[in-house]
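Asks: Can you read through this structure? Questions will come right after.
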Amino acid sequence: MGRSMLVVSSGLFANTVVIRLSGEIDAYGLAPLRDHLTRVWELSPTPYLILDMHDVGFCDSMGMNELLDIMHRCEERETRLLLGGVQGVMSRVLSITGLRNAFEVFDTLDEALRHATLRS
């Protein structure tokens with residue numbers, strides 16, 4: 001294999017789908033992410049979708065484009081996209097690309113979940 005892959009898992013918490021990402025969001029990581037999202041898009045829309053970025057070690061421009069696509073897809077479904085666990089690499093990438101303000105960003109998954117559940 002030799003390539004660091006992206007591991008994607010998800011769960012449902014009250015009114016929120018949480019997708020946990022672990023690894024690298026790049027050309028190689030897009031397939032597992034999209035496969036997983038295909039299943040999410042088939043569910044009825046939830047008020048919130050949280051991407052847990054805590055274990056993301058790398059994200060390139062393709063990864064950022066994918067995140068923007070996810071955000072637009074969420075907007076179409078009237079779902080609010082929250083990014084949780086944004087630290088280190090992801091925090092830098094969002095700042096460098098100037099996209100930090102495009103997303104609702106939280107330092108931890110817990111903070112993002114609290115934000116979602118307080119507003120349900």
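The values are calculated or read from the model by the stated rules, or taken from the named source; none is laboratory data. Model, not experiment: these values are computed from the prediction. So basically every Cβ, Gly included, is an ideal-geometry build from the backbone, and we count neighbours across all protein chains shown.
Asks: For the condition within 13 Å of Val8 (Cβ to Cβ), among the basic types (Lys, Arg) and over 14 Å from the mean Cα position of the chain (by Cα), what is the one hit in Arg39, Arg34, Arg92? Reasoning before the result, please.
Replies: Working: Arg34 fails: over 14 Å from the mean Cα position of the chain (by Cα); Arg92 fails: within 13 Å of Val8 (Cβ to Cβ).
After applying the criteria, what remains is Arg39.
Asks: While we're on this one: Kindly indicate which of Glu66, Glu42, Glu78, Glu24 is closer than 25 Å to His115 by Cα, among the charged types (D, E, K, R) and surrounded by 15 or more Cβ atoms within 10 Å (Cβ to Cβ).
Replies: Glu66
Asks: Next up: Mind checking which pairs have a first residue in the stretch 92-112 that is basic (Lys, Arg) and a second that is modelled with pLDDT under 95 and assigned to a helix (DSSP H, G or I), Cβ under 6 Å, 6 or more apart or different chains?
Replies: Correct list of pairs: empty, since none qualify.
Asks: Next question. Kindly indicate the residue of the stretch 56-106 that is in contact with a strand residue (DSSP E or B) (Cβ under 7 Å, 6 or more places away or on another chain) and of a type in the set (Val, Ile, Thr) and also modelled with the lowest pLDDT among those meeting that condition.
Replies: Val89
Asks: Let me ask something additional. Starting from the stretch 45-61, keep only residues that are touching a residue at least 24 places away in the same chain (Cβ under 8 Å) and more than 17 Å from Asp110 (Cα to Cα), then list their pairs with residues that are in a strand (DSSP E or B) and among the hydroxyl-bearing types (Ser, Thr, Tyr) whose Cβ atoms are within a distance under 7 Å, requiring at least 6 positions of separation or different chains.
Replies: Every condition considered, the pairs that remain are Thr46/Thr16.
Asks: Looking at Val18, Val86, Val93 in this structure, which one is in a helix (DSSP H, G or I) and β-branched (Val, Ile, Thr)?
Replies: Val93
Asks: Oh, and also: Looking at the stretch 1-21, which of the residues that are of a type in the set (A, V, I, L, M) and surrounded by fewer than 17 Cβ atoms within 10 Å (Cβ to Cβ) is modelled with the highest pLDDT? Give the steps one after another, and end with the answer.
Replies: Of the residues in the stretch 1-21, the ones of a type in the set (A, V, I, L, M) are 1, 5-8, 12, 14, 17-19, 21.
If we keep only those that are surrounded by fewer than 17 Cβ atoms within 10 Å (Cβ to Cβ) too, we end up with 1, 5, 7, 12, 14.
Numbers: Met1: 43, Met5: 86, Val7: 95, Leu12: 92, Ala14: 86.
Ranking the candidates gives Val7 first.
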